[in-house]
Amino acid sequence: MNASSTPPSTAASGRRFTAAALALAVFAGGLAGAAAIWLLKNDPATAAAPVEETTHNADLPQGVVEIPEAAQNNASLEVVRADTQVLPAVIDVTGVVAPVESRVAHVRPLARGLIEKVSVSLGARVQAGQPLVVYDNIALGELIGEYLSEAASLRQAETDRNVKQKVLERSEALIKLEAIAQQQLEQRRAEFRNAEAAVASQKARVSKVEEQIHRFGLSDTDLANLSPDEEGRTGHRVASHSVLRAPFAGVITKYDVAAGEVVEPERELFTIIDLSTVWIQADVYEKDLGKVRKDVDVAIKADAYPDRAFTGRLTYVSDVIDPTSRTAKVRCVVPNADGALKLDMFVKVVIPTSDRRSAVVVPVSAVQTVDDQRVVFVRQSATRFERRIVQTGTTAGDLVELASGVKAGEMVVGAGSFYLKTALLRERIGDEH
């Protein structure tokens, strides 16, 4: 039977069944798809990790940082032009840090004595007048004993003089009454003059001992306290204990004393060096001496402080040439208030000469150190800055010469360059992770 012979009702029923089946299949497929999506989303093993927020510097070339203008303002970034200036030609020499000879104290006891207390240690920083040791000064004790004896003799001589003065006064009264002979009066006058001379002589002996005692640091008040009190007690046993004090502020670089030792005045107990100002001793070749002048500022650089330049003044050029090295000694005076420059430290001394040359200069604040290399940040656009490795030269005030790495006219970051260094290192750490 062909299709045309199929009853209409049967054909309609078949079409309805087919549509329903199709709808059911779509519905079932939708449920399966939804279920699969739900399972994928909620399965810990297959759930997608949260997408990290990427920075705007992710695709920048190496050594380039991007800083929004708002962040630049917050960091107080200053962009300046690398200019060309005429600078003196320089001579680079190696120097050594040394103390100023007039600020080296060799502390010795004033006399033979017994060390009782040591108040400092090797390497300690001391202030002017600070106690170093207390010792029983044997010589001072002997002088104090002599002083007390002479002072007692003086009091006795003064008493004898006063007695003879009263006898003389009575004799002068009696001579008017003719109660005594003239010869007796003259004898009383001679005795009084002898008593006065004895007092003067005894005063001289007391003064002599006093001067010796004053050399040990005792004052007139201290001497007055040595006099016996009403009970006959004196302070001589305390007074003989001397204190050695620091002559000026400095560092103790030598220490040779211990409690209980007997020391002599020839023995050096401490060496104290004032390092607030130091000398830099350097050697200049004979061929360069004609270019070196005294009383010019020099730059001092130390490997221990790559980001810091010290300023000194060349004050001395030796008149003697070393026959072996064909060099002459020069000396620079350098302030060292914070003690950064250590004794015997090697440094580089940049000495300006009378010659002149053109150089590219930028502010000292523009130069940073990254990976032990000196760098500056050159502006590429309003928000992008490129790190440039540079070689620095002479420092003149707040300007530093760039021997390579930057051309005149390029814009570099001055104040605030440390912020860019921090941003560069932070991005590097992020890339490594």
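Could you list, in sequence order, the residues of the stretch 243-281 that are in a strand (DSSP E or B) and over 13 Å from Ala105 (Cα atoms)? If the condition is that a residue be in a strand (DSSP E or B) and over 13 Å from Ala105 (Cα atoms), then Val243, Val262, Val263, Thr277, Val278, Trp279, Ile280, Gln281 are the ones that fit. Filtering the stretch 165-181 to residues that are of a type outside the set (Gly, Ala, Ser) and outside any helix (DSSP H, G or I) leaves Leu177, Glu178, Ile180.
For (1) in a strand (DSSP E or B); (2) open to solvent by less than 50 Å² (accessible area, probe 1.4 Å), each residue gets a yes or a no:
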{"residue": "Val96", "(1), (2)": "yes, yes"}
{"residue": "Ala105", "(1), (2)": "yes, yes"}
{"residue": "Leu114", "(1), (2)": "yes, no"}
{"residue": "Ala128", "(1), (2)": "no, no"}
{"residue": "Gly145", "(1), (2)": "no, yes"}
{"residue": "Glu150", "(1), (2)": "no, yes"}
{"residue": "Gln156", "(1), (2)": "no, no"}
{"residue": "Val163", "(1), (2)": "no, no"}
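Candidates Asp371, Asp398: the one that is under 21 Å from Gln62 (Cβ atoms) and out of contact with any Phe, Trp or Tyr (no Cβ under 8 Å at 6 or more places or on another chain) is Asp371.
The C-beta contact set for the stretch 276-294 (first residue under 19 Å from Pro323 (Cβ atoms), second residue exposed (fewer than 14 other Cβ atoms within 10 Å of the Cβ) and not hydrophobic (A, V, I, L, M, F, W, C), distance under 6 angstrom, 6+ apart or interchain) comprises Glu286/Arg326. Based on this model, can you work out whether Phe192 counts as surrounded by 13 or more Cβ atoms within 10 Å (Cβ to Cβ), at pLDDT 80 or above and not in a helix (DSSP H, G or I)? When the stated conditions are applied, Phe192 does not pass them.
Screening Ser365 with (1) in a strand (DSSP E or B); (2) small (Gly, Ala, Ser); (3) touching a Gly at 6+ places or on another chain (Cβ under 6 Å) gives one miss only, at (1).
Yes or no, residue by residue, for (1) open to solvent by less than 10 Å² (accessible area, probe 1.4 Å); (2) in a loop (DSSP other than H, G, I, E, B); (3) under 26 Å from Tyr419 (Cα atoms); (4) in contact (Cβ under 8 Å) with a residue 12 or more places away in the chain:
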site: Asp344; (1), (2), (3), (4): no, yes, no, yes
site: Val349; (1), (2), (3), (4): yes, no, no, yes
site: Ser354; (1), (2), (3), (4): no, no, no, yes
site: Ser358; (1), (2), (3), (4): no, no, no, yes
site: Val375; (1), (2), (3), (4): yes, no, yes, yes
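Residue count for the stretch 301-321 under the criterion of being over 30 Å from Ser417 (Cα atoms) and open to solvent by 70 Å² or more (accessible area, probe 1.4 Å): the result is 3. Checked against (1) modelled with pLDDT under 90; (2) among the aliphatic types (A, V, I, L, M); (3) touching a Ser or Thr at 6+ places or on another chain (Cβ under 9 Å), Ala58 passes all but a single condition, namely (3). Filtering the stretch 371-389 to residues that are in contact with a helix residue (DSSP H, G or I) (Cβ under 9 Å, 6 or more places away or on another chain) and under 26 Å from Phe310 (Cβ atoms) leaves Val375, Val376, Phe377.
The values are calculated or read from the model by the stated rules, or taken from the named source; none is laboratory data. Quantities reported herein were computed from a predicted structural model and do not represent experimental measurements. Because the Cβ atoms are built from the backbone with ideal geometry, glycine has one as well, and the counts that use them run over all protein chains shown. For accessibility, only protein heavy atoms count, side chains too; no ligands or nucleic acids. Shrake-Rupley method; radii C 1.70, N 1.55, O 1.52, S 1.80 Å.
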